[in-house]
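Undergrad: Just dropping this structure here.
Read the figures in this text as sums done on the coordinates, not as results from a lab. This one's a predicted model, so the numbers in the text were calculated from it and none came from an experiment. Every residue, glycine among them, receives a Cβ derived from its backbone with ideal geometry; neighbour counts consider all protein chains shown.
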Amino acid sequence: MTGSDSRGAGPRAGGAPDRSATAVAEAVAAAHRREWGFVLAATARVTRDLDLAEECVQDAYAKALTAWAESGVPERPAAWLTTVARNRALDLLRREAALRSRLPLLVVDAPEPEHDIPDERLRLIFTCCHPALALEAQVALTLRLLCGLTTAEVARAFLVSEPTMAARITRAKKKITGAGIPYRVPDSEDLPQRVEAVLTVVDLVFTTGHTAPSGADLVRADLVGRALGLARMLRALLPGDAGVAGLLAHILLTDARRATRVDARGRLVLLKDQDRGLWDREAIAQGRALVREALRRRPPTRFALMAAIAAVHDEAPSWEETDWREIVGLYDVLLRYHPSPIAALNRAVAVSFAEGAEAGLAELDELVLEPQLASYGYVGAARGDMLARLGRRDEARVAYEEALLFTANEVEREFLAARVADL
Amino acid sequence: MSKYLVLIYEDETAYATGDAALFQRVMDAHNKFGADNKDAIVGGEALQPTPTATSIRGGVVTDGAFAETKEALGGYYLIEAADLDAALAIAKQVPAEFGGVEVRPLMVFDQQ
C-alpha cells in the first residue's frame, strides 16, 4: 500500500512515461488493487451515496485506460482517479439535483476542506462494519467497497449465488442510508468496540482464505491477500491500536507457513511435518515485532494472544522443540480474557502435546456439550489424533469419520480419509 | 435530524405478577430516561398488555395481539437524532429490564 503522501493533489510527474497498452493496463490494474478503497471513500464523501460513488469510481478507472495511454500514468494515480471520480459525481449531482433531493443520503459531518484529498477509508470501513448490519453483510460490503471486488467475486468467496450476494449488498446499502448509519469514525468512547467489529470482519476474510470452507484448494490466496491488505491499511490508519497490531501480527505469523501447508501434489501437510526452512522469515520478523508491541497493552487483545501463540510455533526450530507449556500458558491467558469454545479446543490440543494425549483427551471430553463445537470438524480431527496416539484405533477411526462430516474442503477430506484408511 | 421509533418489547408476565415496588422502580426509570433525554424525545406512550388487544385481519376481528411472541410490544418512544449511532445511544438507555427495544427509522416522504 502506498503512503498517503503519494495521494495529495499536485502536479504530475515529468519524465518519459511508458504508454504502451500493456503498461497502462497494468498500472490501472495495480491502482485498482491498491487504491480502490481510497478513491471510493473520498468519492462517497462527496456523493453521500454509495451506489453513485461506485459508479463514478468505476467510470474513473475506465477513463484512466485511455487518458493514461495518451498522457502517461500520473505520479499519483489515486489523486488522479479521485479527482476524476469526484468531478463526475459533482456533474451528475448537479444534473439530477431535483431527483436526488428525494433520496435518503449518507450522514456525513461538515464538508471537508477543498484543497486536498483526505484519507476517508476509516469512515468507510466503520460504515461497512457497523454492528447494525449483519456480519455477512459487513464482510460483503468491506470486500466490495474497500477492496473493489465485484459482486460475482464476493459471491464466489462466500459460496453463495451472485443474485443472493447482490441482494445482500443492496439490502445493506439501503439500511445504511435508510437507518442513518453515519459515515464517520466513532467517538473514542465507542471506538474500542467498533474496532473489534472491524477486526472480526477482517479476520473472517482471512480465515475463509486460510482454510477454504470448500473446494479443491486448501488456501484461497486472493482472500488471504485481501485480509492482509486490509490489516495493513488499518495499521497505517490506527497506528496506536493494539488490537489492530495484534490482528496484523496474527495474519502475518499464521500465513508465514502457507508455502508448506500442502505438498507438491496439493496434499495437506501437518505442522509437525512441514519444512520450517521454507517459512516466510520476513513475515515472521514483521509479525514478531508487532506482537511485542501489541502485548504491551493490558489486558492483552484477542488477536495479540493468538499471534503470540503463532509466534511460538514459528520460532520453534523443530516440532520436537516446540514450547508446548508456553503455548498452553498463552491459551490460559486467552481463555481468561477472551473465552471461547474454539480457544478451549485448541488448548486441549496443546495440552495433549505438553502433557500427553490422555490429558488432552480429558480436556476435550469437557467440551463435548458445547453447542458451538457441535458441527466443528476440528473436534473430531483432534480427538482422532489423540486416540490414534493412544493406540485406540477403532475409536480414532470413528472420530475421523465424524470430522469428515463437517468439512467440504477437498484437501482436508483427502487428509482425513487417508487417516481413516491408515487405522 | 431524523426521527426514530424505539419500540419496547418485554415479557408481560413480569408485570402481571409484579408488585407495587416493581412498578415504582420501572416508573422511576422511565422518568429518569425522560429527564435525561428530554431534548431528543418527541413522544412516547405505554400500552396496556396484550390481553386487551384486538386484531383485525381481512375484516375478521379476533381477540389478542397480531403476532403471539414471548416479548410483546408494551410501549414506545419517538425520538429525534442526527444518525443511527446517536439514536442507538439514546435507545440503549430506554428501560426494558424484561426484554429489549427495537429501533426503527421513520419513513420520510417527499414534500413536493
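Undergrad: What does the highest-first list of B:43-54, A:20-31 look like by mean Cβ count within 10 Å?
TA: A:20-31, B:43-54
Undergrad: Over the protein assembly as shown, what per residue volume does the convex hull of the Cα atoms give, in whole Å³?
TA: Roughly 221 Å³ of hull volume per residue.
Undergrad: Using 20 Å as the Cα-Cα cut-off, could you pick out the over-long pairs in A:Lys174/B:Lys3; A:Lys175/B:Lys32; B:Lys32/B:Lys92; A:Lys174/B:Lys92?
TA: Too far apart for the 20 Å limit: A:Lys175/B:Lys32; A:Lys174/B:Lys92.
Undergrad: In addition: To make sure I understand, if each residue's beta carbon is the centre and we count other beta carbons within 10 Å, what order do A:His250, A:His338, A:His32 fall in, fewest to most?
TA: Fewest-to-most ranking of A:His250, A:His338, A:His32: A:His338, A:His32, A:His250.
Undergrad: Hey, fewest Cβ within 10 Å first, where do A:Arg292, A:Arg184 land in order?
TA: Neighbour counts put them in this order, fewest first: A:Arg292, A:Arg184.
Undergrad: Under the Karplus relation 6.51 cos²θ - 1.76 cosθ + 1.60, θ = phi - 60°, what is the ordered set of whole-Hz ³J(HN,Hα) values for the range A:256-264, x standing for Gly and Pro?
TA: Once rounded to whole Hz, the list reads 4, 9, 3, 4, 9, 6, 10, 8, 4.
Undergrad: Highest mean first, how do A:400-406, B:84-90, B:19-25, A:260-266 rank when packing is the count of other Cβ atoms within 10 Å averaged over residues?
TA: Packing order, densest peptide first, comes out as B:84-90, A:400-406, A:260-266, B:19-25.
Undergrad: Taking the number of other C-beta atoms within 10 Å as the exposure measure, put B:Lys38, A:Lys174 in order starting with the fewest.
TA: Exposure proxy ranking, most exposed first: B:Lys38, A:Lys174.
Undergrad: How many partner chain Cβ atoms sit within 10 Å of a residue's Cβ in peptide B:80-86, on average, as a whole number?
TA: The mean count of partner-chain Cβ atoms within 10 Å per residue comes to 6.
Undergrad: Additional query: Tell me, how many Å apart are the Cα centres for the range A:318-367 and for the range A:206-229?
TA: 25 Å
Undergrad: If you take each beta carbon of peptide A:175-188 and count the beta carbons of other chains within 10 angstrom, what is the mean?
TA: Other-chain Cβ atoms within 10 Å of each residue's Cβ, averaged: 3.
Undergrad: Compute the relative contact order of the range B:2-105 as a whole-number percentage, counting only Cα pairs closer than 8 Å that sit 6 or more residues apart in sequence.
TA: Once divided by the residue count of the range B:2-105, the mean separation gives 52 percent.
Undergrad: Name the residues whose placed amide hydrogens come within less than 5 Å of the amide hydrogen of B:Gly75, ignoring near sequence neighbours (fewer than 5 apart) on the same chain.
TA: Amide H neighbours of B:Gly75: B:Ile8, B:Leu47.
Undergrad: Cα atoms only, the range A:180-327: Rg and Dmax in Å?
TA: Here Rg and the maximum Cα pair distance are 16.2, 55 Å.
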